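See structure below.
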Amino acid sequence: MRVLLVGGTSSLAQTLIPLLRERCELLTAGRKGCDVELDLCSRDIQIPDGIDCVVNLAAAFGGKEPTDILQTMDVNVLGVMKLCHASSKAGAKHLVHISSIFSDLGSASPFFGAYSLSKRHSEDVAQFCGREFHLPVAVLKPSQIYGVGSGFRRHQPFLYTIMDKAQGHEDINLFGSIDPLRNFIHAQDVAKIISAVIAKKIEGTYPCVHPDNVNYSQIAAAAISAFESKSKVAFLKDKPDIPSNGFACDETLFRLLDYFPRISMAQGMQMEAAHRRQAS
């Protein structure tokens, strides 16, 4: 099987590539540093012939300025449409699009923004193009992805700041009087899920979140334990409360694949701590 991985320099791609190379002939695609040059903002997108499955990890992550919002829509929505058309034209037999569970947020959510909106539209576009171009499509909607190494810091700064403080034996101060929920899924679990979706040629749209939400104090405790830290945790009750953003786990995809996310937050923290010790 020949697989084209779009967004081939992303942190998730670096976790997925070794898995796919075990069973596939793999080509990476992106704006730079990949086997195939491909920019989802380009007017005309072409992919090589003979590709069996196209996996789209590429995304723009939004912003508040009009130019940022336009670029997010261009990459995440129009880019998906162009990629579906190019995949069909090249004879691809399957497309796997990685969206986000944030697409399910309501417009009143404090976490809803251009990224959430664009991902919601991207899912509709992928399924519409799949029908129009007779291209089998799978859309996966993971929660917040983290993993081993600094490459994941950019999109999960809070999580990695907690780890930094635990590693440095600094006290961890959390704003507000509530203990807000989050949902994180480890990149290694996401990579195994994507690999299984490709192998089983899954179609449809599926949430892909960790079975367990975690609150801030649990995240801090996991980091303190992993780094064998002397840090202490305190809630600054004079500061504004931070809202929760947890998600219920729909197990449909995991049951289809016979694979459930296996890495807990405590295990993920331990993996990162071990990585840092080895690197030091």
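Name the residue that is nearest to Ser195 (Cα to Cα), counting only residues in region 243-261 that are open to solvent by 40 Å² or more (accessible area, probe 1.4 Å) and touching a strand residue (DSSP E or B) at 6+ places or on another chain (Cβ under 7 Å).
Selected residue: Thr252.
Given the criterion touching a Gly at 6+ places or on another chain (Cβ under 9 Å), farther than 19 Å from Ser122 by Cβ, part of a loop (DSSP other than H, G, I, E, B) and not small (Gly, Ala, Ser), identify the matching residue among Asp44, Asp49.
Details: Asp44 fails: touching a Gly at 6+ places or on another chain (Cβ under 9 Å).
Every option except Asp49 fails the conditions.
Being surrounded by 13 or more Cβ atoms within 10 Å (Cβ to Cβ) and either among the hydrophobic types (A, V, I, L, M, F, W, C) or outside any loop (DSSP other than H, G, I, E, B) (or both) is the filter here; which residues of region 31-41 pass it?
Filtering region 31-41 down to residues surrounded by 13 or more Cβ atoms within 10 Å (Cβ to Cβ) leaves 31, 34-36, 38-41.
Across region 31-41, the qualifying residues are Cys34, Val36, Leu38, Leu40, Cys41.
Yes or no: Ala234 loosely packed, with under 15 Cβ neighbours inside 10 Å, out of contact with any Gly (no Cβ under 8 Å at 6 or more places or on another chain) and within 20 Å of Lys165 (Cβ to Cβ)?
yes
Among the candidates Ala108, Ala187, Ala191, which residue alone is closer than 24 Å to Asp250 by Cα and either at pLDDT below 95 or over 16 Å from the mean Cα position of the chain (by Cα) (or both)?
Details: Ala187 fails: either at pLDDT below 95 or over 16 Å from the mean Cα position of the chain (by Cα) (or both); Ala191 fails: either at pLDDT below 95 or over 16 Å from the mean Cα position of the chain (by Cα) (or both).
Within the list Ala108, Ala187, Ala191, the selection yields Ala108.
Looking only at region 214-237, which residues are out of contact with any His (no Cβ under 7 Å at 6 or more places or on another chain), in contact (Cβ under 8 Å) with a residue 60 or more places away in the chain and either in a loop (DSSP other than H, G, I, E, B) or aromatic (Phe, Trp, Tyr) (or both)? Lay out the reasoning, then the answer.
Narrowing region 214-237 to residues out of contact with any His (no Cβ under 7 Å at 6 or more places or on another chain): 214-228, 232-237.
Checking which are in contact (Cβ under 8 Å) with a residue 60 or more places away in the chain leaves us with 219, 223, 226-227, 232-237.
Selection gives Phe227, Lys232, Phe235, Lys237.
Every residue in region 169-213 that is within 24 Å of Arg120 (Cβ to Cβ), open to solvent by less than 70 Å² (accessible area, probe 1.4 Å) and assigned to a loop (DSSP other than H, G, I, E, B), please.
Of everything in region 169-213, those that are within 24 Å of Arg120 (Cβ to Cβ), open to solvent by less than 70 Å² (accessible area, probe 1.4 Å) and assigned to a loop (DSSP other than H, G, I, E, B) turn out to be Pro180, Asn183, Ile202, Val209, His210, Pro211, Asn213.
Can you find a residue that is under 21 Å from Phe102 (Cα atoms), among the hydroxyl-bearing types (Ser, Thr, Tyr) and in contact (Cβ under 8 Å) with a residue 24 or more places away in the chain anywhere in region 177-189? Please lay out each step first, then the result.
Going residue by residue through region 177-189, those that are under 21 Å from Phe102 (Cα atoms) are 179-189.
Checking which are among the hydroxyl-bearing types (Ser, Thr, Tyr) leaves us with none.
No, region 177-189 contains no residue that is under 21 Å from Phe102 (Cα atoms), among the hydroxyl-bearing types (Ser, Thr, Tyr) and in contact (Cβ under 8 Å) with a residue 24 or more places away in the chain.
The values are calculated or read from the model by the stated rules, or taken from the named source; none is laboratory data. All values derive from a computational prediction rather than experimental measurement. Glycine also receives a Cβ, built like all others from the backbone with ideal geometry; neighbour counts cover every protein chain displayed. These accessible areas exclude ligands, DNA and RNA; they are computed on the full protein's heavy atoms, side chains included. Shrake-Rupley method; radii C 1.70, N 1.55, O 1.52, S 1.80 Å.
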